[in-house]
1. Is there a pair in LYS67/LYS146; LYS106/LYS146; LYS69/LYS146 whose C-alpha atoms are over 32 Å apart, and which pairs would that be?
2. Can you check what the net charge comes to around ARG62, using other residues whose Cβ is under 15 Å from the Cβ of ARG62 (Lys, Arg +1; Asp, Glu -1)?
3. Mind telling me which of ARG91, ARG48, ARG82 comes out most flexible in a GNM of the chain, alpha-carbon contacts under 10 Å?
4. If one takes the longest principal axis of the Cα atoms in the chain, at what angle in degrees, from 0 to 90 and to the nearest 10, does the Cα axis of helix 31-52 lie?
5. Along each of the three principal axes of the Cα atoms of the chain, give the extent in whole Å, ordering the values from largest to smallest.
6. If the elastic network links every pair of Cα atoms under 10 Å, which of GLN38, GLN135, GLN47 fluctuates the most in the Gaussian network model of the chain?
7. At a temperature of 10 °C and a viscosity of 1.306 mPa s, determine how fast region 54-103 diffuses translationally according to Stokes-Einstein, using the Kirkwood radius over alpha-carbon pairs as Rh; express D in µm²/s, rounded to the nearest whole number.
8. Relative to the longest principal Cα axis of the chain, at what angle does helix 54-67 sit, 0 to 90 degrees, rounded to 10?
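Readers should treat all values here as calculations from the given coordinates under stated rules, not as data from a laboratory. Fair warning: this is a prediction, and the values are worked out from it, not measured in the lab. A quick note on method: Cβ atoms are made from the backbone with ideal geometry, for glycine too, and the neighbour counts reach across all protein chains shown.
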Amino acid sequence: MNTKKMYRKKACAVCGAKFRPKSKAAKCCSDDCRRTAQRERARLGMQRYRTLCPERAAEVARRYRAKYKEDIDLRAGVRAYRTAVATGDKRAARSAVGKLLARFAKPSNCRRCGFVPEDSTGIHAHHKDYKKPLQVQWLCASCHRKEHRLLKEQSSA
């Protein structure tokens with residue numbers, strides 16, 4: 001004797017496909033749709049939490065950022081690096097250097113002439129190839145201008 005109960009076909013709550021549920025409470029046709037529905041419920045729950053308790057949610061976010069600041073910065077730098085490598089974009093390459101290298105490895109003097117500026121903003125990162133965003137030359141403003149003039153002359157010749 002077959003004791004398995006057959007339920008009427010339902011429409012999936014996520015994709016709308018018709019399916020025959022295995023239990024009375026089933027709302028999704030597959031594991032993928034079930035996971036999608038769970039993520040959506042979690043997202044809506046967080047939105048509700050943020051609107052009902054904005055001060056508490058902001059405090060939790062502040063503590064998280066303070067605790068994991070280096071990890072967050074590193075992930076942002078890695079994202080910028082991947083974007084720069086994929087696109088060869090000047091802005092993405094600058095962003096990658098700013099987020100990854102400058103904080104850890106920015107030298108105090110120009111690598112070409114040895115000039116030591118009064119503050120660290122006097123040293124610039126020069127990219128020869130934007131597809132290699134972490135390969136930079138650290139130059140003073142004067143040497144950086146000279147380098148760009150040389151590159152411009154070479155490209156026009």
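1. On the way: LYS67/LYS146 43 Å; LYS106/LYS146 20 Å; LYS69/LYS146 37 Å.
Violating the 32 Å limit, Cα to Cα: LYS67/LYS146; LYS69/LYS146.
2. Details: positive: ARG50, ARG56, ARG63, ARG65, LYS67, LYS69; negative: GLU55, GLU59.
Spelling it out: positives minus negatives among the neighbours equals +4.
3. ARG48
4. 70
5. 90, 45, 27
6. Among GLN38, GLN135, GLN47, the largest mean-square fluctuation in the Gaussian network model of the chain belongs to GLN38.
7. In µm²/s, the coefficient rounds to 134.
8. 50
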